[in-house]
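Any read-out appearing in this document is the output of simple, stated calculations on the displayed coordinates, not a laboratory observation. Everything numeric in this text was worked out from a predicted model, so none of it was measured. Because the Cβ atoms are built from the backbone with ideal geometry, glycine has one as well, and the counts that use them run over all protein chains shown.
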Amino acid sequence: MATLTSSLFLLLSSSFLLTFFVNAYSTTNNTTQLLSNYIHKTPKNNKPHLNTIDSCRRAQTKWAANPHALADCSIGFGKDSIGGKHGKLYIVTDPSDDAVNPRKGTLRYGAIQREPLWIMFKRDMVIRLENELIVNSYKSIDGRGARVVISNGPCITIQGVSNVIIHGIRIHDCKPGKAGLVRSSPDHVGHRQGSDGDGISIFSSSNIWVDHCFFARCADGLIDIIHASTAITISNNYFTQHDKVMLLGHNDQYTADKIMRVTIAFNRFASGLTERMPRVRFGYAHVVNNRYDEWKMYAIGGSSNPTILSEGNYYIAPNDDNAKQITKREAKQSWKNWKWRSTKDVFENGAYFVPSGYGSCAPNYSYTQSFNAVRANLVPAITLNAGPLSCVVGRAC
């Protein structure tokens with residue numbers, strides 16, 4: 001009798017937990033049923049596992065006491081982006097900005113330091129930069145615990161550096177920078193030509209991770225990755241209301257971009273976007289488990305023979321019959337041998353992907369970089385938290 005009672009208790013408990021899990025993540029398009037059938041068991045804890053990054057992050061219940069642990073959660077080509085993991089905590093207390101002589105307590109003062117720093121914010125703030133913010137190596141800009149907005153001025157430049165993490169920041173309405181002096185380190189002020197008005201410009205840099213940010217309405221691109229930048233992950237971001245979203249590769253003559261390796265995962269490409277999600281030249285892009293809520297021209301494009309693997313994405317085409325195609329190639333000669341593949345994607349409202357090329361298109365991640373893509377039908381659920389998170393001290397975030 002005791003054994004029967006115990007078995008019944010375990011059965012009821014399991015049923016309750018599964019129901020709780022399904023209700024917490026359920027969305028439209030039959031995702032509830034899919035989630036009830038999908039449990040990925042990890043060797044350690046046998047818990048449901050969907051968004052690899054968020055599963056790691058949510059396990060860090062004392063995130064405010066040890067924010068540096070976030071650096072362990074990246075995946076893909078940007079996995080080794082440690083940011084300021086081995087540095088001190090720097091708290092931004094002052095939203096003002098001076099491009100040449102930044103005051104201690106401002107974002108720019110922390111971003112230009114030579115030593116590793118984990119940068120966080122004392123309170124909610126809106127930062128209007130005087131000129132482009134040049135971020136030095138081994139920096140994390142972490143917006144957890146505050147509502148941090150960078151807008152209505154020049155925005156972020158990551159140039160000639162490595163190991164930068166940008167997490168949980170709202171970036172919108174970025175303007176071109178003006179020609180003039182800008183400080184890039186405590187002991188160097190240089191004359192800048194003026195930035196283009198990108199949300200984040202990644203130029204000749206490596207080991208970069210941009211996660212859980214919001215992007216909209218910038219003068220140029222939302223994110224540009226150019227001039228032989230590589231080892232980059234763009235994940236869990238929310239993109240909206242913009243034309244040319246994300247450029248990978250400088251131009252059709254800049255062959256040094258062949259080294260570029262970028263992972264684009266778990267992002268929400270939301271309403272009001274036109275093209276370049278992303279647009280790729282020469283290098284390699286693994287576009288995996290993203291949600292596309294329509295586009296005005298195309299979603300994924302490129303030129304100069306890039307390699308693109310579209311895996312487990314959820315594509316919803318616009319109602320325009322002339323814009324159902326996901327892909328766009330710009331080529332003076334035949335593109336038939338370019339390796340562009342779609343695997344395990346879901347296509348809604350007439351969306352379709354035109355593949356090309358032969359042979360393997362796998363990302364060839366190292367053991368530490370690799371992760372499992374989830375079924376595309378689950379993407380609406382795992383991208384629900386794309387964009388900055390509402391993190392409260394003392395609670396899992």
ask   = Straight-line reach from residue 344: which aspartates and glutamates have a Cα under 20 Å away, not including same-chain ones fewer than 8 places off?
value = 293, 294, 311
query = Shape of the stretch 77-228 from its Cα gyration tensor (a ≥ b ≥ c, root eigenvalues): rounded if a/c is under 1.5, otherwise prolate when a/b > b/c, or oblate?
reply = rounded
key: For the chain, convex hull volume per residue from C-alpha positions, Å³   = 146
message = Taking 19 Å as the cut-off for C-alpha to C-alpha distance, list the pairs among 175/244; 258/324; 258/339; 244/296; 79/122 that go past it.
response = 258/324; 79/122
remark   = Checking 214, 371, 347 against a Gaussian network model of the chain (alpha-carbon springs below 10 Å), the top fluctuating residue turns out to be 371
task = Normalising by the residue count of the stretch 50-382, find the relative contact order in percent from Cα pairs under 8 Å and 6+ residues apart.
result = 12
request  = Using the number of other C-beta atoms within 10 angstrom as an exposure proxy, rank 164, 149, 393 with the fewest first.
outcome  = 393, 149, 164
query = So how do 239-247, 331-339 stack up, highest first, on mean other-Cβ count within 10 Å?
reply = 239-247, 331-339
query = If you place +1 on the Cβ of every Lys and Arg and -1 on the Cβ of every Asp and Glu, how big does the dipole about the Cα centre of the chain come out, in debye to the nearest 20?
reply = 680
Size-normalised alpha-carbon gyration radius of the stretch 147-272, reference 2.2 N^0.38 Å = 1.02
key: Peptides ranked, highest mean first, by Cβ atoms within 10 Å: ranges 195-206, 280-291   = 280-291, 195-206
remark   = Comparing 348, 294, 311 in a Gaussian network model of the chain (Cα, 10 Å), the one with the largest mean-square fluctuation is 348
task = State the cysteines of the chain left without a partner when partners are defined as other cysteines whose beta carbon lies under 4.7 Å away.
result = 213, 361
key: Hits among lysines - C-alpha to C-alpha of residue 336 under 16 Å, sequence gap 8 or more where chains match   = 328
request  = Excluding residues fewer than 8 places away in the same chain, name every one of the aspartates and glutamates whose C-alpha is closer than 14 Å to that of residue 88.
outcome  = 115, 142
message = Given all pairs of different Cα atoms, what value in angstroms does the Kirkwood hydrodynamic radius of the stretch 221-262 take?
response = 11.2
inquiry  = How much of the pair distance distribution for the stretch 343-389 lies past 18 Å, counting alpha-carbon pairs only, in percent?
reply    = 55
request  = Return the single residue from 364, 251, 163 with maximal mean-square fluctuation; model: Gaussian network over the chain, springs between Cα atoms under 10 Å.
outcome  = 364
